[in-house]
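A short write-up of the structure that comes next.
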Amino acid sequence: WPAKSSLGPPRPYHREGFGRMKGSVEKFVRCWWAGDLGAVGAGLSFIVAPLSWLWACLAWVRDQQFSWFPGKQVKGLAVVSVGNLVVGGTGKTPVAAWIAKLIADAGFPTWMLTSAQGKDEASLHRAWNLCVPVIVDSDRIAGAIRAQKLGARVVVLDDGFQHRRLGRTLDIVLVSAEDQCPGSLLPAGPYRERLDALSRADAVFVTRRIAPTSRAWKLGEELERRFPGKLKGHIHLVPGAWTRVDGGSAEPESSDVLAVCGVARAQLFKSTVAAKVNGIVELAAFADHHDYKRSEVIKLRQRAGKRPIVTTEKDAIKLRPHQDVLGEAYALTEELQWDWGQIESNNLIKSAVGQALSP
């Protein structure tokens, strides 16, 4: 709350405006990283280059630290990490959910562990895998120990590649065919670590949404050349069925829609929706992990008019409490399909977990 003044009672900050502004900043940054800003982007990259060099130095020091002092192993617990090298949007959450279900179906008591920042992802995991409990804890060691006390034999880390304080049985890293590879380190680019960090991964999967198969194969060939034996498969995340935000299966009656999302790659979601509805798609993008206020939802419905609102499964969970003002709205599900490598990956994961838990 701002300080009291003679102009009237204190008023809360306009969080919806902040959310839209943050979403606009993220859109600008994504365009910059993609090289779509021309000379402006090149100049900005030149200005922040020293910060990227500093980030690289800090990442190297951190890597050396964990080389000397590896992460803590929790005795009697297998840890499977799913992560990536960039900031958001490679498909970690659906792939982590698939892995958790695979391990649970093999008979191992399995828990999902996400950070506090990933509360949206926690809700998705609970909805997707009823048989896999979820723990939200930014301290991965504490979360893993708590899961073990509650009966877990296996913990799956959603977005765990950089969380190296907790030792892991299997390190799986996703590389998106939509990303430039290799790319620049933060803040000049989306990479948290250099591509060389894949050398410590046990398995690498190439993922894609709208990228063509040829792009995935070209990327896979380059990764196999640089990191022989690491590449285990290609995964295609495809649009699934429509579901109504208020429950049930149905499709939008109109081909013109307002696409609402608070995800890392809003333009990618817009492209996915456009391929699905074959109509005019207007995008209302918010910052990643955005929490929708009732006033925002009212404005979104006014903006949509008679058009349906379409959104992601993650956003649908946060929009559902405002269904009375949201109106006609649908969530687009996502399905995981393998271009190649599914059987080998199944065997790799189950074998690693079985060996870690064997007497």
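Just a few scattered comments:
- Considering the range 324-344, the residues that are in contact with a helix residue (DSSP H, G or I) (Cβ under 9 Å, 6 or more places away or on another chain) and assigned to a helix (DSSP H, G or I) include one that is farthest from Thr110 (Cα to Cα), namely Val325.
- For the range 91-99, the count of residues that are surrounded by fewer than 17 Cβ atoms within 10 Å (Cβ to Cβ), at pLDDT below 95, closer than 22 Å to Val155 by Cα and of a type outside the set (S, T, N, Q) is zero.
- Whichever residue in the range 108-138 is without any contact (Cβ under 8 Å) to a residue 24 or more places away in the chain and of a type outside the set (Gly, Ala, Ser) and, among such residues, is surrounded by the most Cβ atoms within 10 Å (Cβ to Cβ): Val134
- Beta carbons closer than 8 Å, at least 6 apart along the sequence or on distinct chains, pair a first residue in the range 347-359 that is within 16 Å of Leu102 (Cα to Cα) and in contact (Cβ under 8 Å) with a residue 24 or more places away in the chain with a second that is assigned to a helix (DSSP H, G or I) and open to solvent by less than 60 Å² (accessible area, probe 1.4 Å) for Ile349/Ile99; Ile349/Leu102; Ile349/Ile103; Lys350/Leu102; Lys350/Ile103; Val353/Ile103.
- Once the range 255-298 is narrowed to residues that are of a type in the set (Asp, Glu) and either assigned to a loop (DSSP other than H, G, I, E, B) or free of Cβ contacts under 8 Å to residues at least 24 places away in the same chain (or both), the residue that is farthest from Ser176 (Cα to Cα) is Asp256.
- Apart from one condition, Gly143 fits all of (1) among the small types (Gly, Ala, Ser); (2) open to solvent by less than 50 Å² (accessible area, probe 1.4 Å); (3) farther than 15 Å from Val79 by Cβ; the exception is (3).
- Here Ser254 clears all of (1) under 27 Å from Glu282 (Cβ atoms); (2) surrounded by 15 or more Cβ atoms within 10 Å (Cβ to Cβ) except the condition numbered (2).
- Residue in the range 104-120 that is at pLDDT 95 or above, assigned to a helix (DSSP H, G or I) and under 27 Å from Glu193 (Cβ atoms) present: no
- Summed over the range 258-272, the residues that are open to solvent by 10 Å² or more (accessible area, probe 1.4 Å) and of a type in the set (A, V, I, L, M, F, W, C) give a count of 5.
- The range 240-251, subset outside any loop (DSSP other than H, G, I, E, B) and surrounded by fewer than 17 Cβ atoms within 10 Å (Cβ to Cβ), residue nearest to the chain's Cα centre (by Cα): Gly240
- Residues in the range 149-172 that are in contact with a helix residue (DSSP H, G or I) (Cβ under 6 Å, 6 or more places away or on another chain) and not in a loop (DSSP other than H, G, I, E, B) were compared, and the one that is nearest to Arg192 (Cα to Cα) is Asp158.
The values are calculated or read from the model by the stated rules, or taken from the named source; none is laboratory data. Small disclaimer: the values here were computed from a predicted structure and weren't measured. Here Cβ is always computed from backbone atoms with ideal geometry, including for glycine, and neighbour counts include all displayed protein chains. With ligands, DNA and RNA removed, areas are computed over all heavy atoms of the protein, side chains included. Shrake-Rupley method; radii C 1.70, N 1.55, O 1.52, S 1.80 Å.
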